[in-house]
Amino acid sequence: MSDALLIASQLTKRFGGLAAVNDVSLEVAQGQIHAVIGPNGAGKSTLTNLLSGDLPPTSGRITLAGQDVTGWSPEKISRAGLGRSYQKTNIFQPFTVWENVRLAAQSREPHGASWLKLAGSFASINDRATQAIEMAGLSARRDVIAATISHGEQRQLEIAMTLATGPRALLLDEPLAGMGVAEAERMVQLLLKLKPAHAIMLVEHDMDAVFTLADTLTVMVNGQVIASGTPADVRADANVQSAYLGE
Ligand code: ADP
Ligand code: MG
């Protein structure tokens with residue numbers, strides 16, 4: 001069996017008669033970026049929601065760091081080492097960058113933890129928050145109200161909030177959405193910096209970024225995988241060219 005950090009095995013999610021995700025298998029290894037691409041409605045966000053535990057699969061298995069996490073709650077999966085960012089922002093706008101990341105870092109502690117236990121964790125929570133802000137390139141914006149930072153910085157903040165939970169695997173749903181060229185380039189550099197220490201599944205529409213970043217790809221159309229492999233394999237695939245890349 002594969003020892004990849006994150007493994008989806010034959011995942012299916014039905015909404016009534018619609019198979020939004022249909023028998024999808026993929027693997028993401030530490031130190032690698034696995035991109036999931038496909039047109040709107042392909043099932044990319046649903047797949048992300050299955051892997052994070054936000055939606056239960058209709059069938060199939062999810063393995064994280066050798067553990068079967070199928071059916072686990074998002075909180076339990078997060079504590080087991082999976083971090084995700086959301087396509088729609090999760091930031092609490094009236095709070096500062098630091099306060100947002102600090103709350104995210106604390107969210108990894110078990111719910112209902114006693115004050116004494118939380119107090120004992122304060123130093124490590126603060127350390128995780130500080131490191132996440134540094135890693136995401138936001139140290140200079142630490143004490144700024146989140147509502148006032150730029151769109152690109154808000155996406156960096158989402159990444160910082162995800163990093164603050166100490167994940168080994170990252171699910172990123174369109175981190176470059178709505179970015180200008182300079183912001184997108186900054187995010188690409190950030191993802192390259194995160195890559196060695198993480199297994200990253202990247203859902204992204206920006207094909208330049210995908211082909212720059214991805215070690216492996218899965219192409220989805222109407223819930224199904226139509227191609228997978230290295231960027232070179234996928235580029236050369238006739239199904240992909242006609243169905244998606246339009247080349
Ligand atoms: P993508 O992220 O690739 O654009 P989605 O995963 O958002 O695709 O959606 C895949 C399909 O599943 C779409 O047809 C969408 O309308 C449908 N879908 C997504 N979420 C739900 C839901 N909660 N209930 C019913 N249908 C859904
Ligand atoms: Mg989506």
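The values are calculated or read from the model by the stated rules, or taken from the named source; none is laboratory data. Being a predicted model, the structure only gives us computed values, none of them experimental. Counting neighbours? That spans all protein chains shown, and the Cβs are built from the backbone with ideal geometry, glycine included.
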Item to check | Cβ pairs under 6 Å, 6+ apart, first in the range 27-46 and within 21 Å of T212 (Cβ to Cβ), second within 16 Å of ligand 1 (Cβ to nearest atom) and small (G, A, S) | outcome: K44/G38
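Residues to consider are L192, L202, L163, L170; find the one that is surrounded by fewer than 22 Cβ atoms within 10 Å (Cβ to Cβ) and within 30 Å of R102 (Cβ to Cβ). Explain how you work it out, then say what you get.
Details: L202 fails: surrounded by fewer than 22 Cβ atoms within 10 Å (Cβ to Cβ); L163 fails: surrounded by fewer than 22 Cβ atoms within 10 Å (Cβ to Cβ); L170 fails: surrounded by fewer than 22 Cβ atoms within 10 Å (Cβ to Cβ).
Result of the check over L192, L202, L163, L170: L192.
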Next on the checklist: Quick check on this structure: which one of G178, G223, G166 is within 16 Å of ligand 1 (Cβ to nearest atom) and modelled with pLDDT under 95?
Outcome noted: G178
Checklist entry - Going by the structure shown, is A227 small (G, A, S), touching a helix residue (DSSP H, G or I) at 6+ places or on another chain (Cβ under 7 Å) and either closer than 26 Å to A136 by Cα or assigned by TED's automatic domain parsing to the domain that holds L5 (or both)? => result yes
Checklist entry - Are there any pairs with C-beta distances below 8 angstrom linking a residue in the range 135-159 that is among the hydroxyl-bearing types (S, T, Y) to a residue that is surrounded by 14 or more Cβ atoms within 10 Å (Cβ to Cβ), with the two at least 6 apart or on different chains, and if so which? => result S139/I133; S150/E183
Checklist outcome for this item: When the range 64-78 is checked residue by residue, the ones that are in contact with a Ser or Thr (Cβ under 9 Å, 6 or more places away or on another chain), in contact (Cβ under 8 Å) with a residue 24 or more places away in the chain and within 14 Å of L171 (Cα to Cα) are I77, S78
Next on the checklist: Suppose the filter is within 23 Å of D208 (Cα to Cα), exposed (fewer than 13 other Cβ atoms within 10 Å of the Cβ) and either of a type in the set (V, I, T) or free of Cβ contacts under 8 Å to residues at least 60 places away in the same chain (or both); does A182 pass it?
Outcome noted: yes
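Can you say whether S73 is under 17 Å from the mean Cα position of the chain (by Cα), within 16 Å of ligand 2 (Cβ to nearest atom) and among the small types (G, A, S), as far as the supplied structure shows?
It is false that S73 is under 17 Å from the mean Cα position of the chain (by Cα), within 16 Å of ligand 2 (Cβ to nearest atom) and among the small types (G, A, S).
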Checklist entry - Looking at the range 16-93, what strands (runs of 3 or more DSSP E) fall wholly within it and have at least 2 residues that are away from ligand 1 (no atom under 12 Å from the Cβ), out of contact with any His (no Cβ under 7 Å at 6 or more places or on another chain) and over 29 Å from M207 (Cβ atoms)? => result 59-64
Checklist outcome for this item: Okay, helices (runs of 4 or more DSSP H) sitting entirely in the range 137-247 with 2 or more residues that are among the charged types (D, E, K, R), I get 151-163, 181-194, 231-236
Next on the checklist: Quick check on D54: is it surrounded by fewer than 21 Cβ atoms within 10 Å (Cβ to Cβ), closer than 26 Å to M187 by Cα and assigned by TED's automatic domain parsing to the domain that holds G16?
Outcome noted: yes
